[in-house]
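K.L.:
Got a structure for you, questions after.
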Amino acid sequence: MSLYCHIMKQHFNLKPLKLVSILSLSLLFSMCSEKGQAQNQTNESVVKISVDAKRGGPEINRHIFGHFAEHLGFGIYGGVWVGPDSDIPNTRGIRNDVVEALKLLKVPNIRWPGGCYADQYHWRDGIGNPEERHSRINVSWGGAIEPNTFGTHEFFDFVEMIGSEAFISANVGSGTVQESADWLEYLTATGSTLAEERAENGHPEPYNVEFWGIGNEVWGCGGPFTPQEYITQLKKFATFTTNYNTDVPTQFVAVGPDSFDEYSFGYTDAIMEAWANKTWTWDIQGLSLHNYTRGGWPPEIKATKFGELQYASVIKETLGMDQFIAENAAIMDKFDPDKLVSILVDEWGTWYKATEGTNPDFLQQQNSIRDAVLAALNFNIFTRHAERVHGANIAQMINVLQSVIFTEDEKMVLTPTYHAFRMYVPFQDATRLPIDFIAGTYQVDSISLPRLDAIAAKGKDGNIYVAITNIDVKNTASIDLSLDGLTIESVHGETLYASSIDAVNTFDNPDNVAPEEIKATVSGSNVSVTVQPQSLTVLSLITKD
Ligand code: AHR
C-alpha cells in the first residue's frame, strides 16, 4: 500500500466523512484496496518500486525547500549576523561559514522577519546608519533587546549572497496599510522619494521580492482577528501594497490555519470565498498553512534520548501533514478549481522541549537522524501535492527549532536536517514521476506506520532521481527498483544513516550523521540497493534512452 493510501485509510477509519465527497473516497479506496489487502502479508525483505519515467507529472516547485529565519533567540544574531567588526570571518557582518553552507542547499527563499515577530516589526527601525538605529524589545521572544542592526539591507545582502529570494512577512497586527505600502515601494520602486532613500542607503537597483506575506497567524499572535476581520485587513493591505519592480512579480500570500478543527478550516473557507468574490483591486497568489510536529502544547517531546515509541509517535504525527494539506486543498478546490492560489506551508518542522540550560523562549533544540527522516517524509508529502503546494519553509533556518545549522561563537555544525535538504536539491524544479510500491507496515505497540516511503522525479539535468526513506528502525529494506521500459546506464547514490535513532551532530563530533555513498547495482531496467533502518537515500540514475 502506498504511503498515501496508508494515511488516508487510517484517517477515514477514525473520522467521520466531511470535506471529501463520498464519491471521491470510494474511488480512492478502490484504488488502495487491492494493495491494502496484501499489506499485512508484505513485510517481506524485498520491496519492489517501479517508476514510470516516460510519463511526466507536475513540477516540484523549488520553493517547497524554502527556509524561515525569524528574529528569535540566536536565529539572526549569532546565527547569520555577527557584525562587520567581529573576529568571526564575515562579509559585511554576515557569517562566511553559514553563507558557504547555505549555498550548497540552493535555498530558494527565506521568510523574514517573522513569525510572530513580524507583527511587531517596523521596517524603518532597520534602515539607515546602523549607529543611529534604535533598539526595541522583542516582546514575542523572551523580551530580548532587538538592536535592529540586521534590517532590510542586511537581509537582502544575505539573500543575494546565498543566491536566494526574499519572502517578506508584513506587519498587519501592529502596523498600518501605509507602512506596508511604503516598505514594498522602498524595496521595488524607481524614481520615487522612497526609491532615492533606498539608493542613499546603498542599493540603487530595486530589489526582487518574490513573496509578500500579508500578516502571520492572524488568528493568534498576528491579530487576533476573526476570519471576517482579517478579510477586511487583507483586502486593504492587498489593494494598497504594490510591487513596482515589473521584472519580478511578487506573490501575495494570505494567512491560513494551523489546526485540524472546524474553526481553522473555516478560515480557509472564508478567505477562499472572499477571493472568489474579489474585485479587480486585489488578489492573492498563495495561502499560508502552518503545521508543526510537536505532540501538543507546551511541547514535551525530547529531541534526544528517546526510544522507539517516541520515534514512532513523532513520525505518525508528522505524516498528518498529508491530511492537513488534503483537507485545505479540498476547500480551496471548491472556490479555485484551476488552482490559481497555491498553498505555501510557510512554517513546518519539529517543535520539541527546549534544550536544558537554554532560554526556553529561544526555542533551541537538538536535531537527530529522526529529524532528517521526518524532513524527507514532509518533502515527499509536499511533492505528492505538487499541483497545489508551491512552497514550504522549514522552521527555522539556524539555531531555532528544526534548524539546518547550529552556531556557537565561531563554531558551526550542520544538522541531519541540513543533509536531508542537501540530498533533495536535485528535486528542485524537477518533474514528478509516477511511482508505485507496497510500503508494508512498521508496527510499534499500537502505532502502525508505513515501513517505507519513496518519490521519483526527472531532474532538470535529465537524470532520474529516486528518494527512498526507510522509516523502520529495526529492518533494512532490499529495494528492487525498476524504470518501466528504460535501460539504465549508471546509478549513483547517497544515504544518510545512523545506527542509533537519536544520533546527532555536535560541535565536537560534527560528522556523526553525514551522508555516505551507497552501493547500488544495475541490471537492464532495474537497480538493486539495500537501505539501512531509519535512513534516507537518494539515487541518481542515468538512462540510455
Ligand atoms: O516559529 C516559531 C513561531 O511559531 C512563529 O513565530 C509563529 O508564527 C509560530 O507560532
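The values are calculated or read from the model by the stated rules, or taken from the named source; none is laboratory data. Model, not experiment: these values are computed from the prediction. Because the Cβ atoms are built from the backbone with ideal geometry, glycine has one as well, and the counts that use them run over all protein chains shown. Protein only, heavy atoms only, side chains kept; ligands, DNA and RNA dropped before computing areas. Shrake-Rupley method; radii C 1.70, N 1.55, O 1.52, S 1.80 Å.
K.L.:
Ignoring everything except DSSP H segments at least 4 long, calculate the 222 nm mean residue ellipticity for the chain; use -39,500 (n - 2.57) per segment, divide by total residues, nearest 500. Before the final figure, lay out each step's value.
P.N.:
Details: 11 runs with 149 residues, N = 545.
Theoretical 222 nm ellipticity from helices: -9000 deg cm²/dmol.
K.L.:
Please give, to one decimal in nm, the separation of the simple spin-label points placed at ASP461 and THR91, each 7 Å out from Cα toward the Cβ.
P.N.:
2.3 nm
K.L.:
Of the peptides 492-505, 511-524, how do they stack up when ordered by the mean number of other Cβ atoms within 10 Å, highest first?
P.N.:
Descending mean neighbour count gives 492-505, 511-524.
K.L.:
Another question, then. Any chance you could run the full-extension gain for HIS492 through GLU410? It's 0.36 nm times the residue separation minus the Cα-Cα distance, nm to one decimal.
P.N.:
Details: separation 82, 0.36 × 82 = 29.52 nm, distance 3.49 nm.
Extra length available between HIS492 and GLU410 comes to 26.0 nm.
K.L.:
Just want to confirm a number: the relative contact order over the range 62-429, from Cα pairs under 8 angstrom separated by 6+ residues, in percent.
P.N.:
Numbers: 728 pairs, mean separation 73.8, N = 368.
RCO, the range 62-429: 20 percent.
K.L.:
Further question on the same structure: Starting from the alpha-carbon convex hull of the range 158-309, give the projected area averaged over all orientations, in nm².
P.N.:
Numbers: hull surface 49.8 nm².
With the hull built on Cα positions only, its mean projection is 12.5 nm².
K.L.:
Here's another thing I want to ask about it. Mind running the shape call on the range 132-174? Use the C-alpha gyration tensor, a ≥ b ≥ c as the square roots of the eigenvalues: rounded below 1.5 for a/c, prolate if a/b tops b/c, oblate otherwise.
P.N.:
prolate
K.L.:
Can I ask one more? Say R0 is 30 Å: what FRET efficiency, to the nearest 0.05, do TRP280 and LYS334 get from their beta-carbon distance?
P.N.:
Result of the calculation: an efficiency of 0.85.
K.L.:
I need the semi-axes of the equivalent ellipsoid of the chain: take the C-alpha gyration tensor, multiply each eigenvalue by 5, square-root it, list largest first in whole angstrom.
P.N.:
38, 27, 22
K.L.:
Run the reach check for LYS235 against lysines, Cα to Cα strictly under 29 Å, same-chain hits fewer than 8 apart removed. What comes back?
P.N.:
LYS278, LYS334, LYS339
K.L.:
Follow-up. State in Å² the accessible area per residue of the chain; use a 1.4 Å probe, count heavy atoms of protein chains only, and round to the nearest integer.
P.N.:
Accessible area per residue: 39 Å².
K.L.:
Using a cut-off of 19 Å between alpha-carbon atoms, which lysines can reach LYS106, once sequence neighbours fewer than 8 places away in the same chain are excluded?
P.N.:
LYS458, LYS460
K.L.:
So, one more: Can you work out the FRET efficiency for the pair ASP445 and LEU104, with r the C-beta to C-beta distance and R0 = 45 Å, to the nearest 0.05?
P.N.:
0.70
K.L.:
For the range 62-429, with all protein chains present and a 1.4 Å probe, just round the carbon and sulfur fraction of the accessible area to a whole percent.
P.N.:
Carbon and sulfur: 52 percent of the exposed surface of the range 62-429.
K.L.:
Another question, then. What ranking, highest mean first, results for peptides 402-408, 50-56, 484-490 when packing means the other Cβ atoms within 10 Å averaged over each residue?
P.N.:
Packing proxy ranking, top to bottom: 402-408, 50-56, 484-490.
K.L.:
Based on DSSP, what percent of beta bridges with both residues in the chain are antiparallel, to the nearest 5?
P.N.:
Around 60 percent of the beta bridges assigned by DSSP in the chain are antiparallel ones.
K.L.:
Which one, THR232, PRO337, GLY93, projects farthest toward the positive side of the charge dipole computed for the range 62-429 from Cβ point charges (K/R +1, D/E -1)?
P.N.:
PRO337
K.L.:
At 0.36 nm per residue, minus the direct Cα-Cα distance, what do GLN228 and GLN178 gain on full extension? Give it in nm, one decimal, please.
P.N.:
So the chain would gain 15.9 nm between GLN228 and GLN178.
K.L.:
Multiply the residue separation of ARG124 and GLU356 by 0.36 nm, subtract the distance between their alpha-carbon atoms, and state the gained length in nm to one decimal.
P.N.:
Contour length minus the Cα-Cα distance gives 79.9 nm.
K.L.:
Cα to Cα, under 12 Å, and not fewer than 8 places away if on the same chain: which aspartates and glutamates meet these conditions relative to LYS305?
P.N.:
Once the sequence-local aspartates and glutamates are set aside, what remains near LYS305 is ASP502.
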